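Asks: For reference, the structure I am asking about is given below.
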């Protein structure tokens with residue numbers, strides 16, 4: 001994870017983005033531009049991320065193996081199900097189409113202590129309903145499946161914590177737009193159009209200038225500053241959940257923390 005973050009920082013330091021102005025009539029009192037990525041990250045980051053995810057997934061399997069009797073260890077693993085395999089039909093019976101997957105799930109955790117078994121079931125992404133595609137275990141599983149099937153994990157780019165400023169002729173300092181774009185877990189994707197509406201009290205003829213002219217939106221140069229982030233595209237591999245996009249530097253520590261918490265919870269059930 002440290003190596004991946006270092007590569008991501010080197011990439012961001014090159015400021016691989018631009019803001020391309022979209023010209024509008026001054027009467028619209030709006031500035032609009034397109035945020036564009038000018039350089040893609042090193043493809044090796046996807047390879048490194050695949051190794052990171054595989055190690056997390058393997059750690060989960062290892063802890064389950066350590067928690068079951070020796071005769072069960074060849075069949076034991078940490079199952080991750082993205083769909084509700086315990087769903088029932090209108091008659092209240094378990095759905096037949098999930099019968100095989102229920103059998104596989106039972107085989108994977110057969111031999112676990114009751115409390116450990118209950119914990120593994122509780123942690124399944126499908127337990128979170130419509131939020132299952134956002135659950136870290138589900139993301140790990142889908143990324144690991146992609147990597148396992150010889151498909152490079154897909155990376156994208158996005159902008160985060162961006163601010164606009166305007167340079168106006170005759171003014172020594174730029175005008176700073178204080179509303180920051182794409183904060184928290186939000187981001188601007190490549191080719192996003194960014195609009196800026198001037199306040200309603202913007203003078204109809206423009207801002208008066210000492211030389212007697214008026215400054216219109218078209219006279220203002222726009223500058224966009226922020227940080228480019230690497231995004232991880234989570235596909236539908238391994239379930240019917242919709243694809244999603246996650247910030248790399250947010251997803252990795254979240255995944256590491258969650259797997260660590262699972263290992264700590266199951267450690268007391270390890271059989272010597």
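Derivation of every value follows stated rules applied to the coordinates shown; laboratory data play no part. For clarity, every value in this text was computed on a predicted model and none was experimentally measured. We place every Cβ from the backbone using ideal geometry, glycine too, and count neighbours over all the protein chains shown.
Asks: Return one number: the angle in degrees, 0 to 90 and rounded to the nearest 10, between the long axis of the Cα atoms of helix 44-66 and the longest principal axis of the Cα atoms of the chain.
Replies: Tilt relative to the chain: about 30 degrees.
Asks: Can you compute the FRET efficiency between residue 122 and residue 6 using 1/(1 + (r/R0)^6), with r the Cβ-Cβ distance and R0 = 35 Å? Round to the nearest 0.05.
Replies: That gives a FRET efficiency of 0.45.
Asks: Using the Cα gyration tensor of segment 5-71, with a ≥ b ≥ c the square roots of its eigenvalues, what is the shape: rounded (a/c below 1.5), prolate (a/b larger than b/c) or oblate (neither)?
Replies: Here segment 5-71 falls in the prolate category.
Asks: Given a 10 angstrom Cα cut-off, can you work out which residue in 226, 129, 92 is the most mobile in a GNM of the chain?
Replies: 92
Asks: Using 0.36 nm per residue of separation minus the Cα-Cα distance, give me the extension gain between residue 94 and residue 51 in nm, one decimal.
Replies: This chain segment gains 11.8 nm when fully extended.
Asks: Over segment 98-219, what relative contact order in percent results from Cα pairs under 8 Å that are six or more residues apart?
Replies: 13 percent
Asks: Which value at 222 nm does the chain reach when only helices count, each DSSP H run of 4 or more adding -39,500 (n - 2.57), with the total divided by all residues and rounded to the nearest 500 deg cm²/dmol?
Replies: Mean residue ellipticity at 222 nm (helix-derived): -10500 deg cm²/dmol.
Asks: Can I ask one more? Take every Cα pair under 8 Å in segment 176-272 that's 6+ residues apart, average their separations, divide by the length, and report that relative contact order as a whole percent.
Replies: Relative contact order comes out at 14 percent.
Asks: Would you mind classifying segment 42-129 by shape? Square roots of the alpha carbon gyration tensor eigenvalues, ordered a ≥ b ≥ c; an a/c under 1.5 is rounded, otherwise it is prolate if a/b is larger than b/c and oblate if not.
Replies: Here segment 42-129 falls in the oblate category.
Asks: Averaged over every viewing direction, what's the projected area of the C-alpha convex hull for the chain? Give it in nm², one decimal, please.
Replies: 20.4 nm²
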